[in-house]
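Remarks on the structure that follows.
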Amino acid sequence: MSRILVVEDEAAIAELVSLNLRHAGHDVALAASAEQAQAEVDAMLPDLIVLDWMLPGQSGLALARRWRESQRTRELPIIMLTARTQEADKIAGLDAGADDYLVKPFSTQELLARIRALLRRRAPETLGATVTIDALSVDPSIRRVTAQGRELRLGPTEFRLLHYLMTHAERVHSRKHLLDRVWGDHVFIEERTVDVHVKRLRDALAPAQRESMIETVRGVGYRFVRRRHDVTA
């Protein structure tokens, strides 16, 4: 379930949009002005914002610019709603920071489809099938990690991180990329947080002598490597 903030001063439109979003399984918050919208964002960061251009007081355009200038809200997905139909207006909305743009009157089904598309792009990497490399096995269905039959204890974030690295073994991943794919790029977390969780992951793998499989690529990030076996003549 995603939390979506609908910023719209026309009560009928706000109610129609929120009704459809709730029916689709989302948690919805409403704001009828820029001031109310900012208060909602300050209280709890939403997963996506549906933002009307014309609002009492400060415009949605100015609000989008303000959010894009703040580190905390810089990556918030924004879909802008407006009665303006000129191409120059659409460009202005996108330049202000909107990820998408919908002209009134609009189809609620089209709005829902665009919301789904934006959330898919922003969502963290989902867990899939069991993956095993060099006797190290990760089973997402029961959230279990084993090495040669020995169970290892990992925290939830370390579990997701290991699963992602193993399903993309031998590839180098930057810290930003790992944040996007494991945490979700709409979450405000500093890149150095990745280093902390990599250390925890290595500590968890150490009892099975698998910590060296998480390799640091200096100046770039991390990758999961298969164990290097000695070759004898």
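Quick one: in the stretch 106-153, which of the residues that are in a helix (DSSP H, G or I) and surrounded by 15 or more Cβ atoms within 10 Å (Cβ to Cβ) is modelled with the lowest pLDDT? Going through the qualifying residues, I end up with Arg122. Among the conditions (1) on the phi > 0 side of the Ramachandran plot; (2) in contact with a Lys or Arg (Cβ under 7 Å, 6 or more places away or on another chain), Gly25 misses just one, which is (2).
Quickly run through the stretch 46-72 and pick out the residues that are touching a residue at least 40 places away in the same chain (Cβ under 8 Å) and crowded, with 17+ Cβ neighbours inside 10 Å. Scanning the stretch 46-72 gives Pro46, Asp47, Leu48, Ile49, Val50, Leu51, Asp52, Trp53, Leu55, Gly60, Leu63.
The values are calculated or read from the model by the stated rules, or taken from the named source; none is laboratory data. As the structure is a prediction and not an experimental result, all values here were calculated from the model. Don't worry about glycine lacking a Cβ; one is built from the backbone with ideal geometry, like all the others, and counts go over all protein chains shown.
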